[in-house]
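Right, one structure below, let's go through it.
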Amino acid sequence: MNGKIKAQVFDFDYKTCPKETIFDKFETCQQGLSDAEAQKRLAEYGFNEAAKKQKRTIVLQIILKFFHPLVVLLVVIAGVTFWTGDPVSGSIIGAMAFLSVFLGFFQEHKAGKEAERLSEMVRATATVYRNGKSKEIPIKQIVPGDVVDLFAGDMIPADIRIIQAKDLFINQASLTGESMPVEKGATVNNIAFMGSSVVSGTALGVVLKTGLATEFGEVSKRLASINQPTSFDKGINKFVWLMIWAMLGLVVFICAVDSFKDKFMDALLFSLSVAIGLTPEMLPMLVTINLSKGAIAMSKKEVIVKKLNAIQNFGAMDVLCTDKTGTLTLDRIVLEKYCDVVRKEDQGVLKLAYLNSYYQTGLKNILDKAVLKYEKLVVKEYKKVDEIPFDFSRRIMSVVVDMEGRHKIIAKGAPEEILKRCTKYELDGDIEELDQIVLTDLKEEYDSLSTEGFRVLAVAYKDMETNKDVYAKDDESGLVLKGYIAFLDPPKPTAKKTIEVLHKLGIELKVLTGDNDLVAKKICSDVGLNVKGLLTGVQLEKISDAQLKDLVKTTTVFARLSPIQKERVIHALHANNHTVGFLGDGINDAPALKAADVGISVDNAVDIAKESADIILLQKNLMVLRDGVLEGRRVFGNIFKYIKMGASSNFGNMFSMAGSCLILPFLPMFPIQIILNNFLYDASQVAIPSDDVDEEYLLKSRSWNIKYIMKFMMFFGPLSSVFDYMTWGIMIFIYHANQATFATCWFIESMCTQLLVIHIIRTGKIPFVESWPSPFLIFTSIYMVSIALVLPYTPLGAYFKFVMPPGTFFLFLIAIVGIYLWSVQALKTWFVKKYGYE
C-alpha cells in the first residue's frame, strides 16, 4: 500500500463500551466485513505489518557500503596516492574500492530479494469472518473492523477488543516481559495485543488497530533501527579488526624506517601500498555470495532460510533438540485401544472420548482427529453446554454436555492430571472410591500401556447435581475415572538411519517432549537412540540451573516438559558452550525456538512456532535437516578458506615488507605493483564460493576460532617470507639486479606462490591432490598466474614499471615455487596433526 495511511484514533472508550458500540463505530457486525469493504479498508489503513527495517534507497545502500572499515581504508589511501602525484596507483586503488562496494551491493541486494521471496512462502494466517463465513487470510491483510476467531496456538494478529472468550490465556512476554500467561475476558482485561499469542482457550474479537498503529507496531518502530549482530557477524568483525590493527602497526613501522633511506613521501606511499596489499577488501562480498548461494541451495532441498546468517549457525550446530512426534515417529496418530481401568475394551470410554473430541474447539489437536476418525458416533442427542479448554499447566480439556436434561462434565487429558482430580473410578458399571492402594494399581495399568509405546490419555466424567450456564476449571474436581484411550504413532522406518547420520555429523540428538517418559523412552529405544539418561519435568522443577547444567551432559530424553522447562534445557546446553538447534512445531515450542541458536520449524506448524523460527523445513524429516546442516558447513568452510588464505598470505607479506626495510637499499616492489598484486590475488578469490568442501570437513560442526586463525598466520605467513628472502638473495647475489628487475621478479614469484598455495591450504587432505578444487577456482588461479607471467613482456607492463626478467630466472622460479609448495605441504601435515583442520 502506497501513500499516506489513515491514522487509527478513537473518540470513545473502546475498553469499557458494549460490543454493540464497537460494531457500530467500526461499521461491522458479528458476521464480519464483506470482501469489498475489507479491500477498501486495506487501501485506507495499509497492510497490517509491524515496522520493518527501513528499506533504504539503492543510492543510500551504496553510499553506506563506503563506510565499511576496509573500504574507508582503501578510499583514504586512494586519496593520499592521488595527492602524492601517482594517478595510476590512485585509480587502481579507487577501482578496487568501487569494485568491492558495487559487487558487494549487487550480491547483498540479490540475496535480500531471495530471502524475502523465501520468507513469503511461510507467512502466518488468521481466521476472520468475511461475508458471514470464516476464512483463513494472511495476517497482513487484516483490517480494522475484522472479526477474528482465536484458538490455542494462534498469534494475535492485531490489537483486538475481545467480545467473547472462554478460559482465554494469552502470552504477552514479547510486549510486557511477563513470564506467565495472562487471562483475558470479554468484560475485564479485554484487549489482546498484536505480537502476543494464545496459550489456551478460545475467543472472538474485533480488530481495533492494525500495523504501526498497534502497541506492537510502536515497539517495532524502535526495534527496526536496531541491528543485533549474530555470532557470525562478530567473528567476521573480529577478524577484520585484527587485520586492520596489524596493518596499521606495520605501516607505521615501514614508514618510520624507510623515511630514513628515502624521501618521506616515497616511504609514505610505499607503506600505504603495503596497507592495500594487506587489506581483505573482498571479504564482505565473498561472505554475502557464500550465504546467498547457501540459501538458494537449501531452498532447492526444501529448507527455507528466513535469516541468511542463520546458515552458519545451522552448520555450527552440535546439539539438536527435537520433539518426538513427526521426527522420530511418522506423525500418523491412530487410536489403538479404548479400555476401562483394568485395560478391558469398553465402548463407554470411546463414547465419552468421542463426545469430548467432537465438541471441544480450543485446541487443534491430532489426538482428537484420531478419535473422530476411528469411528463415527451419533451425538445429536447430546447438546453441548460449555467447554473448559486445554492449557499446558492442567493438560486437560473438558466439555459439558446435556444428557437427558442433566449436565455431565467429560474430561480427557494426561493420566496423572486426571487422577489428581478423581475421587472415584468406574469398573463394570460399579462406581468405587479411589484410595491410595487402588490409585497405585491404576497407575500401573496405564504405565504398562506407556511402556508398550502407546500415548495414553485418561477419560473421566462428573454428573452435575445442579445445572448451570458457565463452567470453569474449578468444576474439574470429584471426577469419576472411566478408563483410558491409547494412541500409537509408529516410529519412522528411516529414523534409525537419520540418527546414525546425525551422529556421524557430530550432532547429538536430545528429545524434549511433553509426552509421557515411558512412551518417549520406548520410541527412542525402537529407533536406536541410546538413552543415556532421562529427566522429567517434575524432577527438573526441583533442581537449580547449576545442577541442570551438569545433568544435560548425560541426559538424552526430557519428558513431560512445559514450554518454560524446554527453554531452561536450551539455556543449560548454552552454558556448556554448545551451539543448539531446536526443531519444534507446537505452541509449547515457541520459547525454545527463540532461545536456540537456530530455531527450526515446519511449514504446517502453528503460527507462533513459524514466526519464532529462523529456518523452515517444508518436510518434517531429519534427512532434510542433514542436507541443511551440510550446506551450512559448506558455506562456513568456504568463508573460512578465504580468511585463512588471506590472513596467512598477508601476514607473510608483512614479514617480507618489514624485512625489506632493514635489508634492502631500495623498495622491493613499486607501490603500483603491490596494488596490482593485491588486485589480481583478490580477483582470483571470487571463485572461492564455487569451490568444493571435503567430505571429512563436513563431518564436524565448527564455529569462529580467532586463535586458530592467528596460529595459522604465525606458522604459514613466515614460511612464505623465507622464500621471498630466498628470491631476493638470488636477485642480488646471482643477477645483481637493479630495483626494476628485482621488483619485477619478486612480483612474479609472489603471484605464483600466493595463487598456487591456495590449492594446498584449501583442503585438509594429505596429499592435497586427493581433493580437487572447483573448475572455476582452477581457471582463476591459472588465469591470474598467466597475467603475472605475461604482463612484463607487454606494452602495458611499462605502466606498472615492469621490465623483462632474465630468461634463466624462470628456472629458479620453478625451483623456488616447487620447494615452497612442498614445504607448505610438510608444514600443513604437521600443523593438522597438532591443531587439526578448521
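The values are calculated or read from the model by the stated rules, or taken from the named source; none is laboratory data. Computed from a prediction, not measured in an experiment: that's the story for all the values here. Because the Cβ atoms are built from the backbone with ideal geometry, glycine has one as well, and the counts that use them run over all protein chains shown. For accessibility, only protein heavy atoms count, side chains too; no ligands or nucleic acids. Shrake-Rupley method; radii C 1.70, N 1.55, O 1.52, S 1.80 Å.
Data for the structure
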quantity: Residue in segment 482-489 that is modelled with pLDDT under 85, open to solvent by less than 70 Å² (accessible area, probe 1.4 Å) and in contact with a helix residue (DSSP H, G or I) (Cβ under 9 Å, 6 or more places away or on another chain) present; calculated: yes
quantity: Subset tally (residues that are in a loop (DSSP other than H, G, I, E, B) and within 22 Å of His574 (Cα to Cα)) for segment 309-333; calculated: 5
quantity: Test set (1) among the acidic types (Asp, Glu); (2) open to solvent by 60 Å² or more (accessible area, probe 1.4 Å); (3) under 38 Å from the mean Cα position of the chain (by Cα) - Glu404 fails condition number; calculated: (3)
quantity: Neighbours by Cβ (under 8 Å, 6+ apart or cross-chain): first from segment 549-565, at pLDDT 85 or above; second among the basic types (Lys, Arg) and open to solvent by 60 Å² or more (accessible area, probe 1.4 Å); calculated: Thr554/Lys532; Thr555/Lys532; Thr556/Lys532; Val557/Lys521; Ala559/Lys521
quantity: Members of segment 220-236 found to be out of contact with any helix residue (DSSP H, G or I) (no Cβ under 7 Å at 6 or more places or on another chain) and either open to solvent by less than 40 Å² (accessible area, probe 1.4 Å) or modelled with pLDDT of 75 or more (or both), listed by number; calculated: Ser220, Ala224, Gly235
quantity: Any hit, segment 491-504, residues being under 41 Å from the mean Cα position of the chain (by Cα) and in a strand (DSSP E or B); calculated: yes
quantity: Matching residues in segment 579-594 - criterion: being under 17 Å from the mean Cα position of the chain (by Cα) and farther than 22 Å from Val624 by Cα; calculated: Pro591
quantity: Filtered residue count, segment 577-586, keeping only those that are open to solvent by 30 Å² or more (accessible area, probe 1.4 Å) and either of a type in the set (Phe, Trp, Tyr) or over 13 Å from Leu320 (Cβ atoms) (or both); calculated: 2
quantity: Among residues of segment 798-836, those that are outside any helix (DSSP H, G or I) and open to solvent by 40 Å² or more (accessible area, probe 1.4 Å), counted; calculated: 5
quantity: Segment 130-151, subset of a type outside the set (D, E, K, R) and not in a loop (DSSP other than H, G, I, E, B), residue farthest from Phe390 (Cα to Cα); calculated: Gln141
quantity: Single unsatisfied condition, Thr513 versus (1) open to solvent by less than 40 Å² (accessible area, probe 1.4 Å); (2) closer than 27 Å to Leu367 by Cα; (3) at pLDDT 90 or above; calculated: (3)
quantity: Boolean, Leu42 is under 36 Å from the mean Cα position of the chain (by Cα), in a helix (DSSP H, G or I) and modelled with pLDDT of 75 or more; calculated: yes
quantity: Counted residues, segment 80-92 - those being under 22 Å from Leu283 (Cα atoms) and either modelled with pLDDT under 70 or open to solvent by 40 Å² or more (accessible area, probe 1.4 Å) (or both); calculated: 2
quantity: Tyr382 vs. criteria without any contact (Cβ under 8 Å) to a residue 40 or more places away in the chain, in contact with a strand residue (DSSP E or B) (Cβ under 8 Å, 6 or more places away or on another chain), open to solvent by 10 Å² or more (accessible area, probe 1.4 Å) and of a type in the set (Phe, Trp, Tyr); calculated: yes
quantity: Ser684 vs. criteria part of a loop (DSSP other than H, G, I, E, B), over 22 Å from Ile254 (Cβ atoms) and of a type in the set (Gly, Ala, Ser); calculated: no
quantity: Pairs where the first residue, in segment 496-519, is more than 13 Å from Val531 (Cβ to Cβ) and in contact (Cβ under 8 Å) with a residue 40 or more places away in the chain and the second is aromatic (Phe, Trp, Tyr) and open to solvent by 50 Å² or more (accessible area, probe 1.4 Å), C-beta under 9 Å, 6+ apart; calculated: Gly514/Phe392
quantity: Residue count, segment 760-797 (criterion: among the polar types (S, T, N, Q), under 25 Å from Thr744 (Cα atoms) and surrounded by 14 or more Cβ atoms within 10 Å (Cβ to Cβ)); calculated: 2
quantity: Any hit, segment 781-795, residues being in a helix (DSSP H, G or I) and more than 26 Å from Gly646 (Cβ to Cβ); calculated: yes
quantity: Selected residue [at pLDDT 85 or above, in a helix (DSSP H, G or I) and among the small types (Gly, Ala, Ser)] from Gly646, Gly632, Gly652; calculated: Gly632
quantity: Count of segment 292-308 residues which are open to solvent by 10 Å² or more (accessible area, probe 1.4 Å), part of a helix (DSSP H, G or I) and either touching a residue at least 24 places away in the same chain (Cβ under 8 Å) or in contact with a Lys or Arg (Cβ under 9 Å, 6 or more places away or on another chain) (or both); calculated: 5
quantity: Residues (assigned to a helix (DSSP H, G or I) and open to solvent by 10 Å² or more (accessible area, probe 1.4 Å)) located in segment 541-568; calculated: Glu541, Asp545, Ala546, Gln547, Lys549, Asp550, Leu551, Pro563, Ile564, Gln565, Glu567, Arg568
quantity: Cβ-Cβ under 6 Å pairs, at least 6 apart or on other chains, segment 422-450 side of a type in the set (Ser, Thr, Tyr), far side not in a loop (DSSP other than H, G, I, E, B); calculated: Tyr425/Glu432; Tyr425/Leu481; Tyr446/Pro415; Tyr446/Val456; Tyr446/Tyr484; Ser450/Val456; Ser450/Leu518; Ser450/Val519
quantity: All positions within segment 689-709 that are aliphatic (A, V, I, L, M), surrounded by 15 or more Cβ atoms within 10 Å (Cβ to Cβ) and not in a loop (DSSP other than H, G, I, E, B); calculated: Leu698, Ile709
quantity: Residue match in segment 720-730 (condition: more than 21 Å from Phe651 (Cα to Cα), part of a helix (DSSP H, G or I) and under 34 Å from the mean Cα position of the chain (by Cα)); calculated: no
quantity: Single match in Val459, Val480 (criterion: in a strand (DSSP E or B), of a type outside the set (Asp, Glu) and touching a Gly at 6+ places or on another chain (Cβ under 9 Å)); calculated: Val459
quantity: Test: Leu118 is of a type in the set (A, V, I, L, M, F, W, C), at pLDDT below 85 and open to solvent by less than 10 Å² (accessible area, probe 1.4 Å); calculated: yes
